[in-house]
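Just so you know, all these numbers are worked out from the coordinates, no wet-lab data involved. What you see is a predicted model, and the numbers here were worked out from it, not measured in a lab. Because the Cβ atoms are built from the backbone with ideal geometry, glycine has one as well, and the counts that use them run over all protein chains shown.
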Amino acid sequence: MATVSVLRFSGHQYLRHRLVLSILSGKPVRIDKIRPDDQNPGLRDYEVSLLRLLERITNGTVIEINVTGTAILLKPGIITGGNVTHECPLSRSIGYFLEPVVMLAPFSKKPLQLTLRGITSNDQDLSADLIRTVTLPHLQLFGISEGLELRIKKRGSPPLGGGEIQFLCPIIKQVKTLNFVEPGKIKRIRGIAHAVRVSPQFSNRMIETSRSVLNRYIPDIYLYSDVYKGEDSGKSPGYALSLLAESTTGAVHCSEVVSRPGTAPEDIALLASRALLSEIKKGGCVDRKHQTLILLFMVLGSEDVGRCKMGEPTARTIQFLRDVRDAFGTSFKIVPSDPSDPTSSELLFSCYGTGYVNANRSLA
Amino acid sequence: MDERPHKAHRPAQSGSKAEKKKGKGKEKQHGFNEKACLAFAPRSGRRADRQGRRNVERDQTRLHVPLVDRTPDDQPPPVVVAIVGPPGVGKTTLLKSLVRRYTKQTLNQVQGPITVVSGKKKRITFIECNNDLNSMIDIGKVADLVLLMIDGSYGFEMETFEFLNILQSHGFPKVIGVLTHLDLIKKAATLRATKKALKKRFWTEIYQGAKLFYLSGVLNGRYPDTEILNLSRFISVMKFRPLVFRNSHPYLLADRIEDLTPREEVRESNGKCDRTVTVYGYLRGTNLRLGTKVHIPGVGDLEMKSITKLGDPCPLPDAESEKRRKLSEKRKLLVHAPMSDVGGVVYDKDAVYINVPGSFTRGNADVPQGEGERMVMDLQDVNETLEDAVAASEEGSEDEEEVLEGSDFDGDEDDFESGSEIDEGVEDAGSKKPFEGRTAPRIVNRGAGGQSSKHERQNKEVDYADSDSDLGYNDGDEDAYEGRRVRFDDDDEVDVDSGEDEEELSDGEEAPRWKADLSEKALASYKQNARSSKRRDWIKLIYSSSLSPEEIVRGDNPDSSNSLANEDNADDDDFFTLRPKTASVLNEDGDDTTKDALNEEELKQWEDEELLDSIRHLFITGSSSQPQGGDDGYEDLEADGDFEDLEAGDGDQDPSPQVQDPEASRAAELAAKKEALKRKFDEQYDDPESSKMDFYEEKKDEMARQLQLNRAEFEDVLDPEARALVEGHRPGSYVRVELANVPCEMIEHFDPMYPIVLGGLLPAEERFGYVQVRIKRHRWFVRTLKSNDPLIFSVGWRRFQTVPVYSLDDHSIRMRLLKYTPEHMHCYATFYGPASLPNTGFCAFNSLSGSSPGFRVSATGVVLDIDRTTKIVKKLKLTGVPYKIFKNTAFVKDMFNSALEVAKFEGANIRTVSGIRGQVKKALAKPDGAFRATFEDKVLMSDIIFLRAWYSVQPRKFYNPVTSLLLSEKGSWSGMRLTGQIRREEGLKTPLNVNSTYKKVERAPRRFNALKVPKKLQAELPYASKPKIMKPQHRQTYLQKRAVVMEPEEKKAIALLQQIRALRKDQVAKRKEKQGERKAAHREKVAKEEAKKGEKDKEKRKEYMRAAGMKSKREAEKEEGGSRKRRRNE
């Protein structure tokens, strides 16, 4: 009589948010056709590692992977949290693992204390700096603030990594409903330049260049040079600049560029600053890289209308919206934020929250 | 009548009363406030202080935790008023009286919920609850107000208390007590005493001051009209505080149920196939969305196939028809009770019955005709076949409206055609139709005028629009824009322009010519980008197109026929999206990256000064007014009122996109600013308190604002289907829920007397796991509860049987298993079952059957935790004996069976019975399972050694939903029985293991061997340690050797003594004999008295039984009388 509805997806893309949706909604998920035509078919090592990490922060999760690794079935358990340590493979950075965990951790049974080891910043995923300075403030919009912390113990650059971060997340009963429609104006710009196992002058050079672009807008620009020495600086040389712009209403936009072999720090800084400007230009209250996070928490909010103004959705966001509808049955109303202004590309996302309550939290 | 005046009152001049009076008068004279004889002025400073404090405290008690009330104000669902009480107390009579009070109609047969309009803004659904515990549980979960009926002549019955306990554990709805049968108490004094006693008891159960109504007698099969009027007034002014559980779950009390399974399927499977069933009712609680599961208590979890909003069958009076203050008489006739026989129509699960009093002749028009009758009459007129009618109705349902004019019930033709009772011939045609043609919702036509027709229009639109296009709800919007701007795909001009762009760009890639007119291009493409995005309907693109996300981002249009051609244009229009090539490359190697790869080429655009300046307005330092050099594209962007900056204060107040000249705008800005400042000052000056809100007010305000937003946000979404997609169906709407795979028994054994509740489940509640609850045995439940005995829980919507394991927290170290629940204490219970949110209340039963004696609520409690594993342990003692002892080391056997087991326990603490502690060291080779252990002291061979361990206990994974609605006899559900119960019912003996029987313990006396010290050793021992062994005496002692010869006096004395002793013995014996006689006499006397007492007891019992017999007889008669009356009415 009570048949469990299984979410079915195919393809290796968007694996992370699909797993997250499955665990949060409690519906089993079956993903097939994972790189079936590839020379090296099936799951990659980092994806398997992610599955292991999810299994570790949950209780009662059953993961079945077929022989070739091209299909997985995940029957979610409950999110337990607690003290967890995980070694991330060197093929992806810590951000790849931390992003889904950030979405799950507030709904666990016990506060999560997660230690991840591996690469702290690369050019595919959010770096530890961005998660600390941008992702976590985004969570604060939903009432998740006290005890929320990310500590970067060691930095690790690709290819050898050696970094370590510690993520502390409190638990909540229910996320607050978001009503964020005022993007405000940019009032300050902050940034972190770090350079490990290279000359410490590199970070200063990055700061210099970035300032040359950004100084024309506002005076409130602080770019920190973050220094890690010896053991704490990981195993490989590297440097990066991450920038964030905060508006009067608390909207944050960010950009980041990580060093590649043979690039000068000036070029990195220039790229990062321009990327920040283009990000600011796209508008909205939410950074483009965090659209899915915001939308997820809007869906999980109480049974009220949540609203948020954003720029145009990215491909990831679009797929996420479709998957959310499958998992929670919630669709968004997406309209131009200002119908009278034909040039603005900003959209107003509004949805009716599902009234998701952290059922894992124990009373005793 | 004599005119003699009454005797005047003479106050007492002396005695205590006079003294009291005197004292009072004196006290009045001197006091704190003696001059001002104000009524409520305090008389002393201390009292003033106390009064002030009391007032403040009372103010605080008035406050409750602010709760969000999610029922809409404009169209609230009808209030559920349940009438509950033991059989024969007058529930049906009350229900009929109330319905008559509201609608002026008399119901013959009351079945299922009855909805009436009770006021301009209020409707009521009455439902009668039968005496089955299952029904009481379900009703207790949905009722907003309970009319708890009590037989005044009898008093409270067990069911009443059980029901109150059920209510208490599922959030207490409002309760009004109703005392009936008061006319049976003849003596006024007894009546008064009874009322007082019952009221006192009622108040202790509910709260002090709970409302209790007295209904005197029955007149014409109804309660007196004035009393019912009073009761209805109380019901209508009742305010309801939202209950937490109901405020977070959608639910629906079904007032009608219908089987939609194709008849052929049913016939083929002998009626055993799973059914498709529709359930109708008003939605309550929160929004109901498709895709969530629902639970029907008594049936199980079900999947919803579709939800359709129907026209309200019992609509509230609308504004234009109700200008007057009171409800018009016409309105008052509105009643919706599909399962009862209002207007001669009864809806059953698969048929509609029409009750006709006389014969069916057309001629006698003087006989008043009910709706049902008229329907049948109309049916006789029908000239065309049903198919024609359906075809006609699909084109435009005008004719349908005509046909059904005046019929009280929704005129879905196929519905009463399939009612089969009337016309077999038509049924054949109709039998196929309902299941294909049922896309259109039922159209309700009750002569409700404009409103229902409006509904109709809307619904029609929903159903006949094709589903793809109506999801995008701003179609109209698009059209509006079309006027100003041409569509993307059929516009040649745009295409040509972008084609040029493309050329230029491609050129630029070869030669660095792109820098030349960069700003223009940037601008052009920016505008293009913005414009194209503007025109795109994101909801449609995302939710109802099959384009991949990348395609959408690239700007493909789902309708475009030549999408390939478009793709290229769109790509180049977009500045910041990935180029198709790079995107595809990324996707190939695949990954779920958060950071998009940066396109350095595109970022080079930012070398341009103009572009850099163009975003200056997004920073606080940038001026709010437009840069003069910018084109109109920028201007439009900047005039956007959203960038209002409150802190800086120089924000653009004017949201109009028109360009004004700077002087005027500045002046307007200044004026607005001044205005705001003035308002602020006025507010503060007039009432400084008003701007400051306390915490409570603030919270309430916040909630009100959110509710306002909820209402406003989707107001503009015209298409109801799209609206339902986004926000679900709102409470208050009348919906039809189609359920798939419903067990056939629900339909086969459908009984309208049993309520059907459709409760929505949260995602967490669909999953199973171990649920930990805090539980307390009810103090009226006589037996203790035992671990691993099945128990029936009522948690959330569900009722199910499961096997709990009780436990208690043992010094916060471990959860220790309890065999039985403690006597007057909470303990924990853990069971396997569907999870429900922590803090949900529940109650538990051992049996739900009506025949089980005594109080049936066995425990109550609250859910604490849900998990997938449990941590309950019980104590396990492993024992062993030493077989070889060295100093502090001993070899222990009989504790384990193998070396492997020992290895598992290496290092474990062990102890002897005498208290010597030790540790398991290592397994020994020789006897299997023996090990070496060390102790703090030398152990004895006779000591028993034990190891205290904790063995984890898992509750059994047993979950058995109470499927009472699937039974033909709803009250006879029986779940898993206990082994003992089965044996008793089957007449089996408990198997007896011989090894388990108690036997006398034969303990051989311990023999201790004598200590023998070798002679040689003895010789060497020092004297102190030498065993002192004495040789046995071989010679006779002095006394032994001597013979005794007595003197004659001595002999005499001894003889005398002997004689005295003999006499004494004789005396004692005689005395004993006499005492025995006396005792016997006494016993006889006592026995006689006992017999007399017994007789008296017997007499008393007889008296009691006679009274009881009479009562039952009276009840039976009453029932019979009721049925007789009913028959007479028919």
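Points worth noting:
- In terms of its C-alpha gyration tensor, segment B:174-271 comes out prolate, because a/c is 1.5 or above and the ratio a/b outweighs b/c.
- Long-range Cα-Cα pairs in segment A:186-282 (distance over 23 Å), rounded percent: 23 percent
- Too-long pairs where the Cα-Cα distance tops 24 Å, listed order kept, from A:Lys187/B:Lys673; B:Lys199/B:Lys1098; B:Lys875/B:Lys926; B:Lys91/B:Lys211; A:Lys110/B:Lys871: B:Lys199/B:Lys1098; B:Lys875/B:Lys926
- Listing A:Lys27, B:Lys1016 from fewest to most neighbouring C-beta atoms within 10 Å gives B:Lys1016, A:Lys27.
- Among A:Asn66, A:Asn179, A:Asn122: highest mean-square fluctuation, GNM of chain A, C-alpha pairs under 10 Å: A:Asn66
- Scanning residues 5 or more positions from B:Lys293 or on other chains, those with amide H under 5 Å from its amide H are B:Leu761, with H placed 1.01 Å from N in the peptide plane.
- Unsatisfied cross-links (Cα-Cα over 32 Å) in the set B:Lys893/B:Lys1015; A:Lys333/B:Lys700; B:Lys938/B:Lys1016: B:Lys893/B:Lys1015
- Annotation for segment A:285-364 versus segment B:134-207: alpha-carbon center distance of 49 Å.
- Environment charge at B:Ile916 (Cβ cut-off 13 Å; Lys +1, Arg +1, Asp -1, Glu -1): +1
- Computed [θ] at 222 nm, helices only, for chain A once each DSSP H run of length n ≥ 4 contributes -39500 (n - 2.57): -8000 deg cm²/dmol
- All lysines inside 23 Å of B:Lys604 as judged from Cα atoms, apart from same-chain residues fewer than 8 positions distant: A:Lys281, A:Lys282, A:Lys289, B:Lys515, B:Lys521, B:Lys527, B:Lys581, B:Lys595
- Value of D in µm² per second that Stokes-Einstein yields for segment A:43-151, Kirkwood Rh from Cα pairs, at 10 °C (1.306 mPa s): 108 µm²/s
- For segment B:1008-1022, 3J(HN,Hα) per residue [Karplus equation, 6.51 cos²θ - 1.76 cosθ + 1.60, θ = phi - 60°, Hz, x = Gly/Pro]: 10, 5, 5, 7, 10, 9, x, 4, 5, 5, 4, 5, 7, 5, x
- With 27 Å as the limit, the listed pairs B:Lys776/B:Lys1100; A:Lys185/B:Lys680; B:Lys239/B:Lys1118; A:Lys176/A:Lys309 have B:Lys776/B:Lys1100; B:Lys239/B:Lys1118 beyond it between alpha carbons.
- Three-way shape call for chain A based on the alpha-carbon gyration tensor, with the a/c threshold at 1.5: oblate
- Cβ-defined net charge surrounding B:Gly152, 10 Å radius [Lys, Arg +1; Asp, Glu -1]: -1
- Segment B:75-97 and segment B:737-792 have Cα centres spaced 24 Å apart.
- Each other residue within a Cβ distance under 15 Å of A:Arg151 adds +1 if Lys or Arg and -1 if Asp or Glu, for a net charge of 0.
- The HN-Hα couplings worked out from phi for segment B:53-61 by the Karplus form 6.51 cos²θ - 1.76 cosθ + 1.60 (θ = phi - 60°) are 5, 5, 4, 4, 5, 5, 4, 5, 5 Hz, whole numbers, x standing for Gly and Pro.
- Computed from phi, the 3J(HN,Hα) profile of segment B:720-727 under the Karplus parametrisation 6.51, -1.76, 1.60 (θ = phi - 60°) reads x, 5, 5, 5, 5, 4, 7, 10 Hz, with x in place of Gly and Pro.
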